[in-house]
Amino acid sequence: MKAKRTGNEEPSILDVVALLTDSPAKGLARGQVGTIAKLLGEGALLLEFSDDSGRAYAITTCQPAELLVLHYAPEAVAG
């Protein structure tokens, strides 16, 4: 089980993320959901985008600022 996050951490491997902007060169649109597959150097992240059958249709690199980490469980919001 992952440690509880406060929302201030950098994205980590296996986080589920959504793109914040369109990326036409990569064939990806704002809001598409992917998984962080690997942490690369200089803050870059390797992402995998898969269809409902689990088949990858895109593998690309992004920077954390291009992503929104999605949460599937209630978390406390820092006030």
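Return yes when A58 is part of a strand (DSSP E or B), under 22 Å from P74 (Cβ atoms), at pLDDT 95 or above and out of contact with any Pro (no Cβ under 9 Å at 6 or more places or on another chain) and no when it is not. Against the criterion (part of a strand (DSSP E or B), under 22 Å from P74 (Cβ atoms), at pLDDT 95 or above and out of contact with any Pro (no Cβ under 9 Å at 6 or more places or on another chain)), A58 does not qualify. Residue count for the stretch 24-78 under the criterion of being over 14 Å from the mean Cα position of the chain (by Cα), more than 19 Å from E10 (Cα to Cα) and small (G, A, S): the result is 5.
Could you count how many residues in the stretch 14-55 are hydrophobic (A, V, I, L, M, F, W, C) and at pLDDT below 95?
Residues meeting the conditions: 1.
Checked against (1) modelled with pLDDT under 95; (2) touching a strand residue (DSSP E or B) at 6+ places or on another chain (Cβ under 6 Å); (3) among the charged types (D, E, K, R), K4 meets all criteria but (2).
Tell me, which residue of the stretch 15-55 that is basic (K, R) and free of Cβ contacts under 8 Å to residues at least 24 places away in the same chain is nearest to A73 (Cα to Cα)? The residue in question is R30.
In the stretch 71-79, is there at least one residue being of a type outside the set (D, E), out of contact with any Lys or Arg (no Cβ under 8 Å at 6 or more places or on another chain) and part of a strand (DSSP E or B)? Taking every residue of the stretch 71-79 in turn, none turns out to be of a type outside the set (D, E), out of contact with any Lys or Arg (no Cβ under 8 Å at 6 or more places or on another chain) and part of a strand (DSSP E or B). Of the residues making up the stretch 8-37, those that are in a strand (DSSP E or B) and under 19 Å from H71 (Cα atoms) are V16, V17, A18, L19, V33, G34, T35, I36, A37. Number of residues in the stretch 37-56 that are loosely packed, with under 12 Cβ neighbours inside 10 Å and of a type in the set (S, T, Y) equals 1.
The values are calculated or read from the model by the stated rules, or taken from the named source; none is laboratory data. As the structure is a prediction and not an experimental result, all values here were calculated from the model. Counting neighbours? That spans all protein chains shown, and the Cβs are built from the backbone with ideal geometry, glycine included.
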